[in-house]
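Asker: I'd like to ask you about the structure that follows.
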């Protein structure tokens, strides 16, 4: 299990590399008729150099390797943001990086990973397929595997977000975290529960890729078919199962998982896009969607934080979301004029 000291060590490694993202108070859950007195603060990891939180864990993992291990090169498997995190960290540390990605990964993420100097290997859509290919290449070439989530150094790196949240907002009541493979929520929940056990930590995941909630409910890791999880718009959360190490941390420290619909994800993206600092890709908006539309499933806390885990959104999708915002604003003006 990851300790608080592991997370503090990761924070030292990440100093000057990963941005210490601020908390931004948001009012997107309120309108003229709302009686919602809850406060919402956003943790905008979309502001990281790679546009997502994954840099934290990837850099911590590669920086922890011995000189001999670094010389062998690293390999990972990812649908996009972890790929960029590994490529960025490897370039910064002078390490060769190979990334196995699904062919259906957003072009923006593929191109960004390649631009950071990583060698790409493209495979089918299943998360298990890319993991198996990466592990085979590691055996063949001697690469060190940098897993996207099922690794204690990865978890410790992601946990630095939890330390920052508690330092910036000591009276926080609930923290909402997107869940894919479980690396981020493992780290954040560990940092928070070992520092202040009274704070609630909940995960949020798409209904179409709800393997984490199924796993916690059944008391064992549940794997979903690739053809099922690939239906969600949240490409960064299309994991077929959470990691074994992540599952143990989640069972100990996470208070629950909320699942959100595709329409709820899109609406959360639409509201977040109104502020350039909080533009979110679909995966980055799921925690906010849980806060907006599942109040009855959340603790009744006044001070809340939702992690906006990434903002690497395709230009066409962002344009579509912003047009929806403009249409909403026009409708409101038209209504007010009558």
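Asker: Which residue out of 300, 304 is in the same structural domain as residue 175 (by TED's automatic domain parsing), out of contact with any helix residue (DSSP H, G or I) (no Cβ under 6 Å at 6 or more places or on another chain), closer than 29 Å to residue 37 by Cβ and not in a strand (DSSP E or B)?
Answerer: Within the list 300, 304, the selection yields 300.
Asker: Separate question: Looking at 218, 227, 248, 205 in this structure, which one is surrounded by fewer than 19 Cβ atoms within 10 Å (Cβ to Cβ) and closer than 28 Å to residue 317 by Cα?
Answerer: When all the criteria are applied, what remains is 227.
Asker: Checking residue 49 against (1) within 21 Å of residue 310 (Cα to Cα); (2) part of a loop (DSSP other than H, G, I, E, B); (3) in contact with a helix residue (DSSP H, G or I) (Cβ under 6 Å, 6 or more places away or on another chain): exactly one of these is not met. Which one?
Answerer: All conditions are met except number (3).
Asker: So residue 65 ticks every box in (1) within 19 Å of the chain's Cα centre (by Cα); (2) part of a loop (DSSP other than H, G, I, E, B); (3) within 29 Å of residue 5 (Cα to Cα); (4) touching a residue at least 40 places away in the same chain (Cβ under 8 Å) but one. Which box is left unticked?
Answerer: Residue 65 satisfies every listed condition except (1).
Asker: For region 146-166, state whether one or more residues are surrounded by fewer than 17 Cβ atoms within 10 Å (Cβ to Cβ) and farther than 22 Å from residue 282 by Cα.
Answerer: No.
Asker: So, residue 29, is that one assigned to a loop (DSSP other than H, G, I, E, B) and either buried (at least 21 other Cβ atoms within 10 Å of the Cβ) or touching a residue at least 12 places away in the same chain (Cβ under 8 Å) (or both) or not?
Answerer: For residue 29, the condition - assigned to a loop (DSSP other than H, G, I, E, B) and either buried (at least 21 other Cβ atoms within 10 Å of the Cβ) or touching a residue at least 12 places away in the same chain (Cβ under 8 Å) (or both) - is met.
Asker: I've got another one for you. Is there a residue being outside any loop (DSSP other than H, G, I, E, B), outside the structural domain of residue 40 (by TED's automatic domain parsing) and touching a residue at least 60 places away in the same chain (Cβ under 8 Å) anywhere in region 162-169?
Answerer: No.
Asker: For region 185-212, what are the residues that are assigned to a helix (DSSP H, G or I), under 19 Å from residue 128 (Cα atoms) and touching a residue at least 40 places away in the same chain (Cβ under 8 Å)?
Answerer: If the condition is that a residue be assigned to a helix (DSSP H, G or I), under 19 Å from residue 128 (Cα atoms) and touching a residue at least 40 places away in the same chain (Cβ under 8 Å), then 208, 212 are the ones that fit.
Asker: Still on this structure, I have one more. What is the number of the single condition among (1) free of Cβ contacts under 8 Å to residues at least 60 places away in the same chain; (2) within 22 Å of residue 46 (Cβ to Cβ); (3) in contact with a helix residue (DSSP H, G or I) (Cβ under 7 Å, 6 or more places away or on another chain) that residue 76 does not meet?
Answerer: Unmet condition: (1).
Asker: Only one of these is assigned by TED's automatic domain parsing to the domain that holds residue 235, over 14 Å from the mean Cα position of the chain (by Cα) and within 27 Å of residue 104 (Cα to Cα): 272, 292. Name it.
Answerer: 272
Asker: Taking residue 213 as the residue in question, decide whether it is surrounded by 17 or more Cβ atoms within 10 Å (Cβ to Cβ) and in the same structural domain as residue 73 (by TED's automatic domain parsing).
Answerer: no
Asker: Restricting the search to region 118-132, which residues are surrounded by 15 or more Cβ atoms within 10 Å (Cβ to Cβ), at pLDDT 90 or above and within 20 Å of residue 180 (Cα to Cα)?
Answerer: 123, 129, 130, 131
Asker: Ok, one more. Taking region 82-105 on its own, how many of its residues are buried (at least 20 other Cβ atoms within 10 Å of the Cβ) and either assigned by TED's automatic domain parsing to the domain that holds residue 233 or part of a loop (DSSP other than H, G, I, E, B) (or both)?
Answerer: Residues flagged as buried (at least 20 other Cβ atoms within 10 Å of the Cβ) and either assigned by TED's automatic domain parsing to the domain that holds residue 233 or part of a loop (DSSP other than H, G, I, E, B) (or both) within region 82-105 amount to 2.
The values are calculated or read from the model by the stated rules, or taken from the named source; none is laboratory data. Just so we're clear, the structure is a prediction, and the values are computed from it rather than from any experiment. Cβ coordinates were reconstructed from backbone atoms using ideal geometry, including for glycine residues, and neighbour counts include every protein chain displayed.
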